[in-house]
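In what follows, a single structure is set out as structure tokens and then discussed.
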Amino acid sequence: MKECKISKSILYKYFPTKENLVLEILDYLNKNFSNSSVLIDTDDTKTPIEKLKEKIKLVLNCLKCNQSFNSHILGEFSEIKAIPILKIKSQIKSNIINSYKTPLILVYGEDIKPFL
């Protein structure tokens, strides 16, 4: 909180529980990942193969940067704001998998759809 220059009371005004704060962080990370993924898809200056490579780098970076945070959070809580941890993990996994659909189809064609 020192880095943010706010008091505990101000923090608890916006996030009444730890679960609220954790859910907001997970939501922020998920949205940030999704936005970055969409930017790669909409970049008309790159070929489909370059876009796929960018997606792979994005996912690897996301996993690398968030691994310790996700492991700690998912280990500490059984639910966050009444949402089971398995559902949150499933949403994160689904978001990562969905980010690959567009570049894989562009690179390998429609024949790959059954495997996605």
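The values are calculated or read from the model by the stated rules, or taken from the named source; none is laboratory data. On a predicted model such as this, the values are computed, not experimentally measured, just so you know. Ideal geometry is used to build each Cβ from the backbone, glycine not excepted, and the neighbour counts take in all protein chains shown. To get the accessible areas, we keep the full protein, side chains included, count just its heavy atoms, and leave off ligands, DNA and RNA. Shrake-Rupley method; radii C 1.70, N 1.55, O 1.52, S 1.80 Å.
The table that follows gives values for the structure above.
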| item | result |
| --- | --- |
| Partner lysines for K46 [C-alpha distance under 18 Å; skip if fewer than 8 residues away on the same chain] | K55, K57, K101 |
| Greater than 29 Å apart at Cα, pairs in K5/K93; K2/K93; K18/K64 | K5/K93; K2/K93 |
| The stretch 1-62 - convex hull of the alpha-carbon atoms, volume per residue in Å³ | 108 Å³ |
| Relative packing of peptides 102-113, 19-30 - highest average C-beta neighbours within 10 Å first | 19-30, 102-113 |
| Theoretical ellipticity at 222 nm over the chain - DSSP helices of four or more residues, -39500 (n - 2.57) apiece, nearest 500 | -25000 deg cm²/dmol |
| Accessible area of the chain belonging to carbon and sulfur atoms, whole % at 1.4 Å probe | 58 percent |
| Low-density loop positions, trypsin sites (Lys or Arg not before Pro), the stretch 1-52 - DSSP coil, at most 13 other Cβ in 10 Å | K2, K5 |
| Gyration tensor (Cα) of the chain, equivalent ellipsoid semi-axes in angstrom | 33, 17, 11 |
